[in-house]
Amino acid sequence: MYPDPVVGAVDIGGTKVDVALATATGEILGSARFETRPEDGPAVALERVADCLAELSASYAGGQPIAALGAVCPGVVQPDRILLAPNLPGWERVALADQLREATGIALVAVTNDVRAGALAEARYGALRGSATGLYVNLGTGVAAALVVDGQVVEGSHQAAGEIAYMGPAGPLGNPAAAGYPHLETAVGGSALQARATSVLGVPLTTAELFRRDDPVSVHLVHQSLAALGTALVNLAVFADPDRVVVGGGLSASADVVLPVLDAYLRTGVPFPPEVVVARVGQGASLQGALSLALDALGAAALVTDAPGSAR
């Protein structure tokens, strides 16, 4: 048996689930990936998570019980449900922490959404480390953000802080629809941008391919999208006064195009402009954030156990 406590981390996505086992100091012992298959329903997926964790423990920790688990998924993860996660149909009534406790037998389970987990990883190990007030912006299929204050990620009263996809780009009289897009995600999200580019240009394109093109129409589409994002970030920065904005997600691969435009918007539109940098943790940020949740839960439990008068 592995001599010290071990913890688990789970990142549940619309197409894949990443699982890891780590030591109490955060060293990864082993990891695995399997397809989510959301059509099978959440109960099946969570049982597969439990089986995967058990297999990792058997392979790397002598089968010892996992002391704490951190789990993340898309959407608004509330205690009794998961909202605004269209890529996980049927998960609306999933009480994620409770159902993972039941499936795995692990008592200490902490959950949040994938973007806030990515922000936590950046705050602990990446581009937001040392930031007093930082903004993490995830640009992928959709768009979302997280506010980090003194190393802590703000959850919001409904666990919905950072759902900037629902912001409206500026239009006449502040009407988002007048700008041509009902919400920010339809202007900036990868899926919407890819569909718009394919329709306008007449050829199927990924967002990465669109950002590499230099023809006038492609450049216009890119800058139209970044204008909406830049305006949104200016408003967020004026409100939160961050010292740093970190851009993560798939679109960060086009940082050479994205960052200079966003930097120009922030420098000209914010009284105290933050620096804009690309995320450092990378594609595994959500799983790394889940691991941080597990380690925090384990540490908090140890503090309670060691408190004066606590049972031993």
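The values are calculated or read from the model by the stated rules, or taken from the named source; none is laboratory data. As the structure is a prediction and not an experimental result, all values here were calculated from the model. Every residue, glycine among them, receives a Cβ derived from its backbone with ideal geometry; neighbour counts consider all protein chains shown.
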Could you list, in sequence order, all residues of segment 1-26 that are loosely packed, with under 15 Cβ neighbours inside 10 Å and at pLDDT 95 or above?
-> Lys16
So which residues in segment 1-17 are part of a strand (DSSP E or B) and either closer than 11 Å to Cys73 by Cβ or of a type in the set (Ser, Thr, Tyr) (or both), if there are any at all?
-> Val10, Asp11, Ile12, Val17
Given the structure, is Glu35 more than 19 Å from the chain's Cα centre (by Cα) and charged (D, E, K, R)?
-> no
Would it be correct to say that Asp214 is touching a Gly at 6+ places or on another chain (Cβ under 7 Å) and surrounded by fewer than 18 Cβ atoms within 10 Å (Cβ to Cβ)?
-> no
Looking across segment 37-69 at residues that are polar (S, T, N, Q) and assigned to a helix (DSSP H, G or I), the single one that is farthest from Glu102 (Cα to Cα) is Ser59
Lone unmet requirement of (1) without any contact (Cβ under 8 Å) to a residue 60 or more places away in the chain; (2) under 12 Å from the mean Cα position of the chain (by Cα) for Val149 | (2)
Please determine, by comparing only the residues of segment 85-120 that are among the β-branched types (Val, Ile, Thr) and assigned to a strand (DSSP E or B), which one is nearest to Leu139 (Cα to Cα).
-> Thr112
Within segment 86-104, identify whether any single residue is crowded, with 20+ Cβ neighbours inside 10 Å and of a type in the set (Gly, Ala, Ser), and answer yes or no.
-> no
Number of the condition not met by Ile82 [criteria: (1) part of a strand (DSSP E or B); (2) in the same structural domain as Pro274 (by TED's automatic domain parsing); (3) over 16 Å from Ala290 (Cα atoms)] = (2)
From the residues in segment 242-278 that are touching a Gly at 6+ places or on another chain (Cβ under 9 Å) and either assigned to a strand (DSSP E or B) or not assigned by TED's automatic domain parsing to the domain that holds Thr207 (or both), which one is surrounded by the fewest Cβ atoms within 10 Å (Cβ to Cβ)?
-> Val278
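In this structure, does Val77 turn out to be within 21 Å of Glu185 (Cα to Cα), hydrophobic (A, V, I, L, M, F, W, C) and at pLDDT 95 or above?
yes
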